[in-house]
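Here is the structure we will look at.
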Amino acid sequence: MEDLHRANIKRSLYDCLTMNAEQYSQFLSEIEKLASLNVGDKVYFRGLIELSNICVKNCYYCGIRRGNTNVHRYQLPIEDVMSAVEISFQQHYGSIVIQAGERSDSVFVDYISKILRAVKHKYGGQIGITLSLGEQSRETLKEWFELGAHRYLLRIETSNKELYQKWHPNNSLHDYDKRLETLHLLRELGYQVGTGVLIGGPFQTVDNLVDDLLFFKEIDVDMVGMGPFISHPNTPFYNKLETNADLRSRYDLALRMISALRWLMPNINIAAATSLQAIDPMGREMAVKAGANIIMPNVTPQTSRVDYQLYPNKPCIDEEAWECKGCLDARLSMVDRCVGYDELGDSPHFFERL
Ligand code: SAM
Ligand code: SF4
């Protein structure tokens with residue numbers, strides 16, 4: 001019986017990813033109602049701080065991989081981090097996300113702890129803190145949680161272990177099982193747990209994506225951030241697949257993934273990935289229409305944004321952080337949504353599972 005139920009869900013997800021445009025636009029009106037009922041009509045902002053592009057890993061798809069020697073490496077000093085937090089606070093974003101390349105050495109771990117202490121000291125619990133800093137040890141994650149980080153984003157990238165191995169070098173730094181274990185660990189430690197996948201990457205099939213959606217449900221995540229793969233010229237995956245038609249279909253597929261996930265897990269937080277906006281200027285707003293309820297405006301100092309290029313065509317490189325808000329407000333009103341200013345906008349699913 002259970003198998004039959006799973007098979008039916010699988011079929012519905014597959015249909016959602018492959019239905020024609022007219023059917024999808026009808027499905028979208030259902031999704032809008034579902035989102036409104038389960039996560040409300042508001043969109044929540046997280047000020048995104050791209051803390052550092054120094055990374056020990058070499059993921060084949062990523063522009064800041066260790067092997068790309070054309071990147072100018074940086075780490076924001078604490079003054080710049082604190083002014084990015086202040087901008088988020090002044091703009092009433094309610095939360096920040098601190099993201100960086102992966103490092104687990106003690107100097108880096110201590111630096112994050114220092115930032116968390118400073119944020120806690122200045123803002124108390126007035127601003128939500130999400131980390132996206134890759135795989136870390138139990139001790140590190142526990143320390144950061146105790147210092148006030150309460151959400152963590154760690155994309156599994158693909159839930160298919162064989163595909164994961166095709167997307168990463170074959171060594172202990174890039175271990176699917178460890179990534180999965182870290183997701184379980186985060187949950188055990190009390191974080192709101194977010195994961196996600198790359199959409200339309202080399203060798204990936206629609207069946208893989210359906211399995212990814214089922215994976216999110218199986219591990220019972222609180223938040224998902226997923227976006228289209230965009231190939232970067234200084235990576236091994238450059239031109240593995242690259243035509244404009246491909247890029248557009250990856251974009252469409254990413255929007256459908258969001259809708260399918262909203263249908264499957266109605267009360268989780270779903271982020272509108274910035275990579276959607278790199279393909280279409282209205283990408284993030286279209287993601288909100290498709291079922292997303294989180295947007296991460298960039299608050300990184302403009303001078304460093306240019307060095308944090310995971311993929312080409314990164315949007316908003318030339319803008320200062322304060323310019324983003326007015327622009328986003330206007331764009332969101334185009335899709336009939338308002339912003340939950342000064343609200344944490346935690347995942348309702350997290351409280352339900354507690
Ligand atoms: N280093 C941490 C990690 O990998 O978990 C966090 C930062 S990493 C840059 C954030 C995300 O960027 C990755 O999870 C990956 O999915 C995404 N990313 C990297 N290269 C990309 C590309 N070429 N196109 C789209 N997204 C990409
Ligand atoms: Fe490093 Fe994350 Fe890029 Fe992989 S995806 S190379 S871990 S920054």
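None of the figures in this text is laboratory data; all of them are computed from the coordinates on show. The model shown is predicted, which means the values in this text are computed figures rather than measured ones. Reconstructed Cβ throughout: ideal geometry from the backbone, glycine too, with neighbour counts over all protein chains shown.
Points to keep in mind about this one:
- Theoretical FRET efficiency, 1/(1+(r/R0)^6), r = Cβ-Cβ of K240 and V56, R0 30 Å, to 0.05: 0.80
- Above-threshold pairs, the threshold being 27 Å between Cα atoms, out of K122/K178; K120/K161; K42/K217; K240/K314; K57/K314; K161/K217: K122/K178; K120/K161
- Compactness of the chain is given as radius of gyration and Dmax, 19.0, 58 Å, from Cα positions.
- Structure-based [θ]222 nm, the chain - -39500 (n - 2.57) summed over DSSP H runs of at least 4, per residue, nearest 500: -15000 deg cm²/dmol
- Exposed trypsin sites (Lys or Arg not before Pro) absent: longest stretch of the chain, with sites in DSSP loops and at most 16 other Cβ within 10 Å deemed exposed: 74-239
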